[in-house]
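Here's the structure, in C-alpha cells; my notes come after.
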Amino acid sequence: MPRRLNSAVALCALALAAGGGIAQEPGSDAWNAKRAALFSQVCMGSAPDYADIDDRAARAGMARQDGVWVAEPEIVINLIEHDGFCDCIMSVSAPDQGAMIDTIFARLMTDFGAGFTGAPDGLASVAPFQRDGVEVVSILEPRAYEDGKWLSARTAVFGSCPIREAGK
C-alpha cells in the first residue's frame, strides 16, 4: 500500500508540475519569470489604452478581488490615474529585487524590444517603449515594507485611465 501511495503522489506531482501548479521558491528564476510574464502580458500588453486589461488579467489566470487583480498570495495589479497619467501598477514580493528587475526587463525586451526607445545601456529601472505610436514608460522600483522586499512594476501612459463599469 505505501508503494502505491508513493506512486500516486509522484503522478500527482508530475501532473501539477506539467500544469504549473507547484508553488515556486520565492525569489527563484521560475518565481521571477511568472511575475515578469504577468507584467508583460497584463500591464505592457494592454498599454497604451489599457482597454483590454481586464480580459488580459483574466486570461493570465488572475482573479478580480476588491476592485484589483490578484494572483498567488502577493501579486496585485491595478490601474491608478494620477497627475495626468494612467499607470498599470503591479506590486509583487521580490526577495531578490535586482534579479526581479533584470527578469522583468529581459521579458519586456523579448516581448516588446522592437519598440524600445531608451538608451542602449540596458537601464532596467526606467525604460521607454513605443506602443501603437504612444510612449509607454516601464518603471521598476524596489520597495521595502514590514521587513519584506517588494517591487512596484508599472507602465505609465500620459492620459486618462479607461472608465470601468460599476462592479468591475
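Under 7 Å between Cβ atoms, which residue pairs at least 6 apart in sequence (or on different chains) link something in the stretch 23-48 that is within 18 Å of LYS149 (Cβ to Cβ) and among the hydrophobic types (A, V, I, L, M, F, W, C) with a partner that is open to solvent by less than 50 Å² (accessible area, probe 1.4 Å) and in a helix (DSSP H, G or I)?
Sorted first by the residue in the stretch 23-48, then by its partner, the pairs are ALA33/THR103; ALA36/THR103; ALA36/ILE104; PHE39/ILE104.
So that you can scan it fast, the table gives a plain yes or no per residue for (1) open to solvent by 70 Å² or more (accessible area, probe 1.4 Å); (2) within 22 Å of ILE53 (Cα to Cα):
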position	(1), (2)
THR110	yes, yes
PHE116	no, yes
ALA119	no, no
SER125	no, no
LEU140	no, yes
GLY148	no, no
SER152	no, yes
CYS161	no, yes
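State all residues of the stretch 35-59 that are open to solvent by less than 20 Å² (accessible area, probe 1.4 Å), touching a Lys or Arg at 6+ places or on another chain (Cβ under 8 Å) and not in a loop (DSSP other than H, G, I, E, B); if no residue qualifies, say none.
Passing the criteria: ALA36, ALA37, PHE39, SER40, VAL42, CYS43, MET44, GLY45, SER46, ALA57.
Would you call ALA58 in contact with a strand residue (DSSP E or B) (Cβ under 9 Å, 6 or more places away or on another chain), over 20 Å from SER138 (Cα atoms), among the small types (Gly, Ala, Ser) and at pLDDT 95 or above?
Details: in contact with a strand residue (DSSP E or B) (Cβ under 9 Å, 6 or more places away or on another chain): yes; over 20 Å from SER138 (Cα atoms): yes; among the small types (Gly, Ala, Ser): yes; at pLDDT 95 or above: yes.
Yes.
Residue-by-condition table, conditions (1) part of a strand (DSSP E or B); (2) among the polar types (S, T, N, Q); (3) at pLDDT below 95; (4) within 18 Å of the chain's Cα centre (by Cα):
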position: ASP111; (1), (2), (3), (4): no, no, no, yes
position: GLY122; (1), (2), (3), (4): no, no, yes, no
position: ALA156; (1), (2), (3), (4): yes, no, no, yes
position: PRO162; (1), (2), (3), (4): no, no, yes, no
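Restricting to the stretch 60-83, and then to whatever is exposed (fewer than 15 other Cβ atoms within 10 Å of the Cβ) and free of Cβ contacts under 8 Å to residues at least 12 places away in the same chain, can you tell me which residue is nearest to the chain's Cα centre (by Cα)?
Here is the first cut: in the stretch 60-83, the residues exposed (fewer than 15 other Cβ atoms within 10 Å of the Cβ) are 61, 63-67, 73-74, 80-83.
Applying the additional criterion that residues be free of Cβ contacts under 8 Å to residues at least 12 places away in the same chain yields 61, 63, 65-67, 73, 82-83.
Numbers: GLY61: 12, ALA63: 14, GLN65: 16, ASP66: 18, GLY67: 17, PRO73: 14, HIS82: 20, ASP83: 23 Å.
Selected residue: GLY61.
Taking interchain pairs and intrachain pairs at least six residues apart, which have beta carbon atoms under 6 angstrom, with the first residue in the stretch 95-106 and part of a loop (DSSP other than H, G, I, E, B) and the second open to solvent by less than 40 Å² (accessible area, probe 1.4 Å) and not aromatic (Phe, Trp, Tyr)?
PRO95/GLY27; ASP96/GLY27
The values are calculated or read from the model by the stated rules, or taken from the named source; none is laboratory data. Everything numeric here is computed off the predicted structure, so don't read it as measured data. Cβ: placed from backbone, ideal geometry, glycine included. Neighbour counts: every protein chain shown. Surface areas here come from the heavy atoms of the whole protein model, side chains and all, with no ligands, DNA or RNA. Shrake-Rupley method; radii C 1.70, N 1.55, O 1.52, S 1.80 Å.
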